[in-house]
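Notes follow the structure.
The values are calculated or read from the model by the stated rules, or taken from the named source; none is laboratory data. Given the structure is predicted, the values throughout are model-derived calculations rather than measurements. FYI the Cβ positions are ideal-geometry reconstructions off the backbone, even for glycines, and counts take in every protein chain you see.
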Amino acid sequence: MENKYPVADLIANRRTIRKFKEENIPNEVLNELLQVASWAPNHKLKEPWRFIVYSGDGSKALGNIIYEVASNGRNMKKNPEEMKKYFSSIPTHILVVMPEDPQPLIKEEDYAAVCALIQNFQLAAWERGIGVFWKSDAYLTLPSFREAVGVLPGEKIVAILHVGYPEMIPNSRPRTSVEEKITLINSDK
């Protein structure tokens, strides 16, 4: 898809990456990407996010945590050994964590801000040739997983981002025309 604006091309051409090269992403690059992403709009500049980053040997440590949680959990859909192998093969994982405000409106505003940050991160990463897989699996809510990764009471894991240089970039999939999603009120037509 070609657009008039570079950001439009970046948005339209970004892909979810599921297979990554083994090459690690330098910490400085991750920090730069997270810094750029932090320009996401957020009410009262609360910046309601923090990050737990597993990189290099840390990815293997996260793979071990996943294995333990999956082995001890009921109703896990995937084989614990396969999950461990998959997580250990990805160069970097970022847990994106937010405080859970007891006020529903503030909680929603904070969640929206964190999601905007994640999209900013994906776009900034894609521009640098780095792929991201944004996941929000059920195990992220398990007390055993939360405790193992250092998520505190009153916090929510919004997503786990798998990050690395793409081994393969998938083709785009068709999107529904936006005209099918718009309801115009007070239109001249």
Practice prompt. Any chance you could count how many residues in segment 84-142 are out of contact with any strand residue (DSSP E or B) (no Cβ under 8 Å at 6 or more places or on another chain) and of a type in the set (S, T, N, Q)?
Written response: 4
Worksheet item: Under the condition of being more than 17 Å from the chain's Cα centre (by Cα) and outside any loop (DSSP other than H, G, I, E, B), which residue from segment 31-57 is farthest from GLU100 (Cα to Cα)?
Response: ASP57
Worksheet, complete the sentence: Taking first residues from segment 106-131 that are more than 21 Å from LYS44 (Cβ to Cβ) and second residues anywhere that are assigned to a helix (DSSP H, G or I) and among the aromatic types (Phe, Trp, Tyr), the pairs with Cβ under 6 Å that are 6 or more apart or on different chains are none
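To keep it simple, each residue is scored yes or no on (1) within 14 Å of the chain's Cα centre (by Cα); (2) among the basic types (Lys, Arg); (3) closer than 25 Å to VAL36 by Cα.
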| position | (1), (2), (3) |
| --- | --- |
| GLU109 | no, no, yes |
| ALA113 | yes, no, yes |
| ASP137 | yes, no, no |
| SER144 | no, no, no |
| VAL149 | no, no, yes |
Worksheet item: Of these, PRO99, PRO104, which one is surrounded by 14 or more Cβ atoms within 10 Å (Cβ to Cβ) and at pLDDT 95 or above?
Response: PRO99
Worksheet item: Considering SER88, SER71, which residue is at pLDDT below 95, surrounded by 13 or more Cβ atoms within 10 Å (Cβ to Cβ), in contact with a Gly (Cβ under 6 Å, 6 or more places away or on another chain) and not acidic (Asp, Glu)?
Response: SER88
Fill in: Matching option when the condition is over 28 Å from ASN13 (Cα atoms) and of a type outside the set (Gly, Ala, Ser), among GLU127, GLU82, GLU167, GLU180
GLU82
Worksheet item: When you go through LEU117, LEU123, LEU105, LEU140 one by one, which is the residue that is in a helix (DSSP H, G or I) and touching a Ser or Thr at 6+ places or on another chain (Cβ under 7 Å)?
Response: LEU117
Discussion item. Within segment 10-25, does at least one residue satisfy the condition of being without any contact (Cβ under 8 Å) to a residue 24 or more places away in the chain and either assigned to a loop (DSSP other than H, G, I, E, B) or surrounded by 14 or more Cβ atoms within 10 Å (Cβ to Cβ) (or both)?
Written reply: no
Practice prompt. Check segment 151-161 and report whether any residue there is surrounded by 19 or more Cβ atoms within 10 Å (Cβ to Cβ), in a helix (DSSP H, G or I) and out of contact with any Asp or Glu (no Cβ under 6 Å at 6 or more places or on another chain).
Written response: no
